[in-house]
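The values are calculated or read from the model by the stated rules, or taken from the named source; none is laboratory data. Please read all numbers here as calculations on a predicted model, not as lab measurements. Here the Cβ is made from the backbone with ideal geometry for all residues, glycine too, and neighbour counts use every protein chain on show. Only protein heavy atoms, including side chains, enter the accessible area calculation; ligands, DNA and RNA are left aside. Shrake-Rupley method; radii C 1.70, N 1.55, O 1.52, S 1.80 Å.
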Amino acid sequence: MELTKSYQKSSSMVARRVADEVILVPIKQNVGDLQSIYTLNEVGARIWELLDNGGTVADMISSVAEEYEVEQPKAQADLVDFLAQLESIGAIASI
Amino acid sequence: MVSVADVIKKMPIFKVEPNFESNAVGSVFDSLPVLTSGHVEQIKHGSLFDSLAADILGRGSYLRFRAHGNSMAPFIRNSDVVLVEPRKASELRIGDIVFYRRTGGRHVAHRLVSKSGNGGSLVLTTRGDNLKHLDASVFPEQVLGRVVRIEGRNGNLWVGGRIGSTLNRLLLYASFGGSYTRDIVRRGLTRLWWLVGRRFG
């Protein structure tokens, strides 16, 4: 994954903040299926928020590393994997 | 706030080395973003379900979820999965299974018994197939759609087409009155419809 890439949230995903988590309901073939949803934990929810800033992957890595006090390579590995997961379920797309 | 953490099995997709800066074993995953899969249930996650249902149907998409309760049994049994099509109150036909939100309460899927105008505005009357009493009046702003597909234990039933509408109306008339005989007829018709209809569901 290129670190200079930016991602945006898909309009075919309904999101709800519930306490510290975020619930994602994909709209597939015009059906919102509550039997098949995704949950992002607290850190995932924070990254979901960061996507609104429109920054690059590198920007998000810096934010995560700083906020959660983890080393840059660790933050990068986790974030890149996580973004790939979000992309694979159609929650985000590269700009 | 409602938390779904208790009903969704946590499945970390990838692992990280323990965070040695912390002595707490439980903090290993604290800084790990995790994506898990699960479901939202009407009963357990009431307000979340209400909000998502209104949002999804409000944007013109269909809603699929697991229904709870026996008020529509045996047509819709407890834990059957239903598909709701977004529809306005004015578009509904007598016999349709209306999906609406009770005033200050939860969502309900009950059969439309009658439509009437009250000073120019539409008023709907609904009832659960398995209930003796009518529901409180339903107003257009409460209506979100109608059930068009039921995924039961023994197959799926499509009730959204023209034939489905006719059979829906027939089933409504069969169940009027709530007498023992009518109840037998209603259950018989429901069973017959499921036996034939599930082949095309």
For the protein assembly as shown, average projected area of the Cα convex hull in nm²:
18.5 nm²
In Å², what does the accessible area per residue of chain A work out to with a 1.4 Å probe?
45 Å²
Average other protein chain Cβ within 10 Å of Cβ, residues B:55-64
5
Quick one: P(r) of region A:9-90 from all Cα-Cα pairs, 5 Å bins, percents rounded to integers, in order of increasing distance.
3, 14, 25, 25, 17, 9, 5, 2, 0
Note, ³J(HN,Hα) from phi for region B:137-144, Karplus 6.51, -1.76, 1.60, rounded to Hz, x at Gly and Pro
3, 10, 9, x, 5, 8, 7, 10
Of the heavy-atom accessible surface of region A:9-90 (probe 1.4 angstrom), what whole percent is carbon and sulfur?
42 percent
What full-extension length gain, to one decimal in nm, is calculated for B:Ser79 and B:Arg198 as 0.36 nm per residue of separation minus the Cα-Cα distance?
41.1 nm
Can you divide the C-alpha Rg of region B:99-141 by 2.2 N^0.38 Å and report the result to two decimal places?
1.13
For a bin width of 10 Å, list the pair-distance distribution of region B:110-201 built from all Cα-Cα distances, rounded to whole %.
15, 42, 34, 9, 1
Subtract the Cα-Cα distance of A:Arg17 and A:Ser62 from 0.36 nm times their separation in residues, and report this length gain in nm to one decimal.
13.8 nm
Counting other Cβ atoms within 10 Å of each Cβ, which GluC sites (Glu not before Pro) in region A:1-47 have at most 12 and sit in a DSSP loop?
A:Glu2
Sparse-neighbourhood loop hits (GluC sites (Glu not before Pro), region A:49-88; DSSP loop; Cβ within 10 Å at most 14 others) -> A:Glu69, A:Glu71
Under 12 Å, Cβ to Cβ, from B:Arg146 - net charge with Lys/Arg +1 and Asp/Glu -1:
+2
222 nm mean residue ellipticity, helices alone, for chain A (DSSP H n ≥ 4; -39,500 (n - 2.57); rounded to 500):
-12000 deg cm²/dmol
Could you check the spin-label model distance between B:Arg153 and A:Gln35? Points 7 Å from the Cα along Cα→Cβ, value in nm.
1.6 nm
Answer in debye to the nearest 20: the dipole magnitude of the protein assembly as shown about its Cα centre, from +1 Lys/Arg and -1 Asp/Glu charges placed on Cβ, is 2800 debye
Work out from phi, with θ = phi - 60° and the Karplus expression 6.51 cos²θ - 1.76 cosθ + 1.60, the ³J(HN,Hα) of each residue of region A:19-32, listed in order in whole Hz, and give x for Gly and Pro.
6, 8, 9, 10, 9, 10, 10, x, 9, 10, 6, 6, 10, x
Hand me the chymotrypsin sites (Phe, Trp or Tyr not before Pro) from region B:119-198 located in a DSSP loop with no more than 15 other Cβ atoms within 10 Å, in residue order please.
B:Phe176
The relative contact order of region A:9-90, taking Cα pairs under 8 Å that sit 6 or more residues apart, comes to a percentage of 21 percent
